[in-house]
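Trainee: Please read through the structure below; I'll follow up with questions.
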Amino acid sequence: MPPTCPAIVRCGFARPTRSFSLIALGILNSISPATAQSPSDDPAVLADANDAVVAFPKEQWGSAGIQIEPARRRALETNIRLTGKITLNQDRLAHIFSMVEGTVSDVPVSLGQRVEAGDLLAIIHSREVGEAKLQLYQDRLQVELADIQDEMQTRIAANAKELLSALRNDTSIEEIERRFRDRPMGDFRERVLASYAAFLKSEADVIRLDGIAQTGAVSGKQLLTARANRNADQATFQSRIEQIQHELHTSTLISSQAVKMAEAKALVSATSLRILNVPAAEIDDIDPVHHGETLSHYAIRAPFDGTVLTKDVVLSEQIRPDVLLFSIADLSTVWVTVNVYEEHLPLLDSLQNQIVTLQNDALPESDFRAKVFYTGDVMDEATRTISLRAVADNDGGHLKPGMFVNIDVPISRETKSVLIPSSAVQEHEGRTFVFVLSGQDEFLRRDVELGMSDEKSVIVEAGLQEETPVVTQGGFILKSQLLAELMGEE
């Protein structure tokens, strides 16, 4: 048989001669690497110098586990394993300082203790807080006093205005005395009634002199003097009314402004306490008599649920605002920091908001999930990496900050090459090949060049066309049959 003929093995038929097997075996062993890298891609060609054919009856495929699938072009799903480190969730970490100077009077928590939001961590005896509370208490008293004065001034102004209106209507002194006897008006009553009484007297003198002036009992000069006095008293009365009206408006405005100033001062004092992070309940309830020396107590409380990681404060210690007292972290979630090398930078955009799998050698049976929320913007010049960050649930507390983990990152890559299941690939004497269906019961060995792979599939860079029927299961049976028949006569 010429050396270019393929070796043909028919299962269940007469075994070929020894010379045929040796020739076929020589053909398999004589395939050059250069030739193996360029097998025929034409499915119409059943065999050439680099191929061997195995005949296997179709009725025996089931018992041999032979399965056939066409080669397809699709995305390659693979994982990239990176190394990362568990760190504290920086969004749920608090370094707690005191905002005032003072002496520590109580520390009810211990290192490692679980605390809830609002739990008391420490009490500081602070002169600053005590003085601020006393100032607010005094300012609130001033507000109450200003309110009382403004209310009184408003009543006085209302009564005085009503009195002036009655005087303009020529109400008698007796009627005015009856109506305004017990109504407060300050000194406005005396001032306006004195000028009003003088005007009434002058008016009465003019009326009296007018009655007897025609009889000649009084001189015309006396009448003129009386009229002049009346006009002067009337002008004085009108002037007094205008002056009192102005004074009433001014005093009312001043009293209302005094209330606003007192309220503003109290508001400033209360805001100063809020800036010091004093709770609203304490600000609303300030009573030096009731609270005594506890008025100077400044409470430090937990900002959220978490664990006390550091505690650098003891009883009777003098503290300042620049001294760290506690560190509290919420360990129900942790961050995973992963250094991504330059070769994987094109994958960063596809990782945003994706789920990655975490594993730790100390917990081989546990897998954890983390969601990527930051894919980095700046490369570290020393390590040539970009820092990727993900957040992972840690309700069980198994992920410890500082722990190293392996991260499996799922990657989907579009490829122009075809993909076949990894189970379809066979190897012999350094060559990689697959079996393709070339007839009803004949399988052609086809050398292939492979590329990247994932857990289930591998890229065929050369040697196979799309839609070519490939043996995906049972290929080892065909390979064993081929080698057994070729080597059986040696």
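The values are calculated or read from the model by the stated rules, or taken from the named source; none is laboratory data. Please read these numbers as outputs of a predicted model, since none were measured by experiment. Reconstructed Cβ throughout: ideal geometry from the backbone, glycine too, with neighbour counts over all protein chains shown. Protein only, heavy atoms only, side chains kept; ligands, DNA and RNA dropped before computing areas. Shrake-Rupley method; radii C 1.70, N 1.55, O 1.52, S 1.80 Å.
Trainee: Would you please give the residues with an amide H less than 5 Å from that of Arg183, counting only those at least 5 places away or on a separate chain, with H modeled from the backbone geometry?
Mentor: none
Trainee: How large is the convex hull of the C-alpha atoms of region 301-367 per residue, in Å³?
Mentor: It is 205 Å³ per residue.
Trainee: A further question follows. Remind me, relative contact order of region 142-240 in percent, using alpha carbon pairs under 8 angstrom and six or more residues apart?
Mentor: Dividing the mean separation by the residue count of region 142-240 yields 27 percent.
Trainee: What's the extension gain from Leu141 to Gln359 if we count 0.36 nm per residue and subtract their Cα-Cα distance?
Mentor: 72.0 nm
Trainee: Heavy-atom accessible area per residue, region 53-166, 1.4 Å probe: how many Å²?
Mentor: Averaged over the residues of region 53-166, the accessible area is 55 Å².
Trainee: Sum up the charges of everything whose Cβ sits under 14 Å from the Cβ of Ile207, counting Lys and Arg as +1 and Asp and Glu as -1, but leave Ile207 out.
Mentor: Local charge sum for Ile207: -1.
Trainee: Pull up the cross-link candidates among the lysines for Lys400, meaning alpha carbon to alpha carbon under 24 Å and not fewer than 8 places away within one chain.
Mentor: The reachable lysines, counting only those whose Cα sits under 24 Å from Lys400, are Lys85, Lys311, Lys371.
Trainee: Moving to a separate point now. Where does the Debye-calculated log10 I(q)/I(0) of region 329-408 sit at q = 0.16 Å⁻¹, using only Cα point scatterers of equal weight, no solvent?
Mentor: -0.61
Trainee: What is the projected area of the convex hull of the Cα atoms of region 200-343, averaged over all directions, in nm²?
Mentor: 24.3 nm²
Trainee: Counting only residues 5 or more places away or on other chains, whose amide H sits under 5 Å from the amide H of Phe304 once H atoms are built in the peptide plane?
Mentor: Gly118
Trainee: Let me ask something additional. May I ask you to compute the full-extension gain from Ala64 to Thr87, defined as 0.36 nm times their residue separation minus their alpha-carbon distance, rounded to one decimal in nm?
Mentor: Result for the pair: 3.0 nm of gain on full extension.
Trainee: Applying the Karplus parametrisation 6.51 cos²θ - 1.76 cosθ + 1.60 with θ = phi - 60° to the phi angles of region 111-116, what ³J(HN,Hα) value in whole Hz is obtained for each residue in order, glycine and proline being reported as x?
Mentor: 5, x, 6, 7, 10, 10
Trainee: I'm checking a number: the convex hull volume of the Cα atoms of region 108-265, normalised per residue, in Å³. What is it?
Mentor: 150 Å³
Trainee: Equivalent ellipsoid semi-axes for region 67-190, as square roots of 5 times the alpha carbon gyration tensor eigenvalues: give them largest first, rounded to whole Å.
Mentor: The equivalent ellipsoid of region 67-190 has semi-axes of 80, 32, 11 Å.
Trainee: Here is a follow-up. Running Debye on region 73-140 with equal point scatterers at the Cα sites and no solvent, what base-10 log of I(q)/I(0) appears at q = 0.25, 0.27 Å⁻¹?
Mentor: Log-scaled intensity ratios, in q order: -1.20, -1.26.
Trainee: Please grab the % of Cα pairs in region 374-482 that end up more than 21 Å from each other.
Mentor: When all Cα pairs of region 374-482 are counted, 56 percent exceed 21 Å.
Trainee: Here's a follow-up. Name the residues whose placed amide hydrogens come within less than 5 Å of the amide hydrogen of Val418, ignoring near sequence neighbours (fewer than 5 apart) on the same chain.
Mentor: Hits under the 5 Å cutoff: Val460.
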